[in-house]
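Report on the structure given below.
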Amino acid sequence: MRDAMLHRMHKDVDLTTDATPDETRAILETTRPLAVYDVGARFGTIAAVFAVGDARIPVEITTFRAEAYEQGSRKPKVAYGVSLLDDLARRDFTINAMAQELRTGQLLDPYGGRADLEARLVRAVGDAEERFAEDPLRMLRAVRFAVELGFRLDEPTGAAIARSADALRTISRERVGEETNRILMSPEPGKGLRLLAELGLMRWIVPELLALREISEGRRAKDVFEHTLRVVEHTPPDLTLRWAALLHDVGKPRTMVVEDGEVHFPGHERVGEAMARQVLGSLRVDSETTERVARLVGMHMRANQYEPTWTDGAVRRLMREAGDELPLLLQLSSADVTSYRPQKVAAARARVEALRARIDKIAAEEEVAALKSPLDGNELMAMFGRPPGPWIREVKDYLLGLVLDGELRTDDKERGAELARAFMASR
């Protein structure tokens, strides 16, 4: 109902009935759907897929419920109900507690959901603290709905979240991570992250970010937490990129030093890279995304340090190290300029664009990823009569560096052997 009344696209249809799951399945099978399957039969939900023209429409049908939640568990004890009003009373927010009778079109809206849609308000059904005690994940859902729909959070509902925030620690980290992903991918991720911090939820999601509020940098004493939120807001909605934007400065509190009155964060990107792996690992984010985010955090300073004096070799090294993450790295670098001085922003972004142009030129001329040492490990072992060991990597890296600098061709084995001998003799 909510999405239909907001004229938003929705992928499926949710229905509710007083029929039991077995009765629902039997009725569905007489309608010749493409498929009928259990979504959660023990929770009262049966699903079917129907063909409507070329489209495939999933429909979920749930028996009226009367649930009771055990303390610290999201898994309710389910009893099937007979009243739609009782079923709506257990919903989380008023905008989700509406129903329309299919045969008559009558709207059932016992909690003022339609008015809250018009007011663009997220408000809990009944007693907010009771709703959040039943399922603490609802607190994250409140923030997520606010930023996905562009709504504001009802003040009493927000106050109840602040009082109940510690209950989020009872929710599985995977579910917390899933909701956080959706907040990050919303149209207003900065607003969502700010709400998570203000309401006390962030300490059970990424508590490391809260330390950013305690440090500042630059002549204008830039708040690093607010800077981080602006960086996130300036990125396109790519989950890897937004996580990297959120975590790019997470290492600063652990690396902060003050020298001659100036604040510095030496090596914060490498510390942040390790922290990113820990944070995303704790939230059960998949390993591929975790590694991509960590690499971006570890490299985020590189592009903004670009100068026209860089050699082509330096640009090639950046291209090889960033690999497939290079486009995201450049986007992150552009977003990482949040100064209130337009001239500074323009200059920094021009620097990134100049680097992008250098990269495009080099990429058009050669496949940088294919560049390699002219001699492989077997050839080096035969040449020096030595067994395998770390020395092979050292020689290959040296030769590759010369290739990247344009001083050696990948196919010039004779020159490569000469340079390898000189390198080994100098060690």
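The values are calculated or read from the model by the stated rules, or taken from the named source; none is laboratory data. Quick caveat: nothing in here was measured; it's all calculated off a predicted structure. Ideal geometry is used to build each Cβ from the backbone, glycine not excepted, and the neighbour counts take in all protein chains shown.
Against the test of being over 30 Å from ASP223 (Cα atoms) and buried (at least 19 other Cβ atoms within 10 Å of the Cβ), the options LEU399, LEU329, LEU355 yield a single qualifying residue, LEU399. Residues that are closer than 30 Å to THR235 by Cβ, small (Gly, Ala, Ser) and more than 29 Å from the chain's Cα centre (by Cα) do not occur anywhere in the stretch 330-346. If you go through the stretch 101-122 and keep only what is in contact with a Gly (Cβ under 8 Å, 6 or more places away or on another chain) and surrounded by 14 or more Cβ atoms within 10 Å (Cβ to Cβ), you end up with just TYR111.
Please verify whether the stretch 376-383 includes one or more residues that are in contact (Cβ under 8 Å) with a residue 40 or more places away in the chain and in contact with a Leu (Cβ under 6 Å, 6 or more places away or on another chain). Write out each step before concluding.
To start, the set of residues in the stretch 376-383 that are in contact (Cβ under 8 Å) with a residue 40 or more places away in the chain comprises 380.
Applying the additional criterion that residues be in contact with a Leu (Cβ under 6 Å, 6 or more places away or on another chain) yields none.
Looking for residues that are in contact (Cβ under 8 Å) with a residue 40 or more places away in the chain and in contact with a Leu (Cβ under 6 Å, 6 or more places away or on another chain), one finds none in the stretch 376-383, hence no.
Of all residues in the stretch 262-273, those being closer than 27 Å to LYS191 by Cβ and not in a helix (DSSP H, G or I) number 1. For PRO156, the conditions (1) in contact with a Phe, Trp or Tyr (Cβ under 9 Å, 6 or more places away or on another chain); (2) in contact (Cβ under 8 Å) with a residue 24 or more places away in the chain all hold with the exception of (1).
Here's the yes/no breakdown for (1) hydroxyl-bearing (Ser, Thr, Tyr); (2) under 29 Å from ARG169 (Cα atoms); (3) at pLDDT below 95; (4) out of contact with any helix residue (DSSP H, G or I) (no Cβ under 6 Å at 6 or more places or on another chain):
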position: LEU108; (1), (2), (3), (4): no, no, yes, yes
position: ALA124; (1), (2), (3), (4): no, yes, no, no
position: GLU129; (1), (2), (3), (4): no, yes, no, no
position: PHE132; (1), (2), (3), (4): no, yes, no, no
position: PRO136; (1), (2), (3), (4): no, yes, no, no
position: ALA142; (1), (2), (3), (4): no, yes, no, yes
position: ALA146; (1), (2), (3), (4): no, yes, no, yes
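Do we have GLY190 as surrounded by fewer than 22 Cβ atoms within 10 Å (Cβ to Cβ), not assigned by TED's automatic domain parsing to the domain that holds GLU233, not acidic (Asp, Glu) and not in a helix (DSSP H, G or I) here? Taking the combined requirement at face value, the residue does not satisfy it.
Residues of the stretch 198-221 being of a type in the set (D, E, K, R), surrounded by fewer than 16 Cβ atoms within 10 Å (Cβ to Cβ) and at pLDDT below 95, which ones?
The answer is ARG213, GLU214, ARG219, ARG220.
When restricted to residues that are farther than 30 Å from GLU366 by Cα, in a helix (DSSP H, G or I) and not β-branched (Val, Ile, Thr), the stretch 274-318 contains 9. When the stretch 97-128 is examined, which residues are found to be out of contact with any Ser or Thr (no Cβ under 6 Å at 6 or more places or on another chain), part of a helix (DSSP H, G or I) and closer than 17 Å to GLY158 by Cβ? Within the stretch 97-128, just ALA119 meets the criteria. Does at least one position in the stretch 405-419 carry a residue that is assigned to a helix (DSSP H, G or I) and under 43 Å from the mean Cα position of the chain (by Cα)? No, the stretch 405-419 contains no residue that is assigned to a helix (DSSP H, G or I) and under 43 Å from the mean Cα position of the chain (by Cα). When each of GLU23, GLU29 is tested for being at pLDDT 85 or above, among the acidic types (Asp, Glu) and closer than 21 Å to SER83 by Cβ, the lone residue that passes is GLU23. In the stretch 413-427, the residues that are in contact (Cβ under 8 Å) with a residue 40 or more places away in the chain form Cβ pairs under 8 Å with partners that are of a type in the set (Val, Ile, Thr), at six or more places apart or across chains, as follows: ALA420/VAL395; MET424/VAL395.
Would the stretch 363-373 turn up any residue that is farther than 13 Å from ARG320 by Cβ, surrounded by 12 or more Cβ atoms within 10 Å (Cβ to Cβ), modelled with pLDDT of 90 or more and in contact with a Gly (Cβ under 8 Å, 6 or more places away or on another chain)? No, that holds for no residue. Would you confirm whether any residue within the stretch 240-261 is assigned to a strand (DSSP E or B), assigned by TED's automatic domain parsing to the domain that holds ARG317 and in contact with a strand residue (DSSP E or B) (Cβ under 9 Å, 6 or more places away or on another chain)? Yes: one or more hits. One residue stands out among those in the stretch 332-352 that are charged (D, E, K, R) and more than 28 Å from LEU402 (Cα to Cα): the one that is surrounded by the fewest Cβ atoms within 10 Å (Cβ to Cβ), which is ARG341. Can you tell which of ARG163, ARG131 is basic (Lys, Arg), more than 27 Å from PRO253 (Cα to Cα), crowded, with 20+ Cβ neighbours inside 10 Å and not assigned by TED's automatic domain parsing to the domain that holds ILE61? Selected residue: ARG131, the only one of ARG163, ARG131 that is basic (Lys, Arg), more than 27 Å from PRO253 (Cα to Cα), crowded, with 20+ Cβ neighbours inside 10 Å and not assigned by TED's automatic domain parsing to the domain that holds ILE61.
Among the candidates THR24, THR45, THR31, the residue that is free of Cβ contacts under 8 Å to residues at least 40 places away in the same chain and exposed (fewer than 11 other Cβ atoms within 10 Å of the Cβ) is uniquely THR31.
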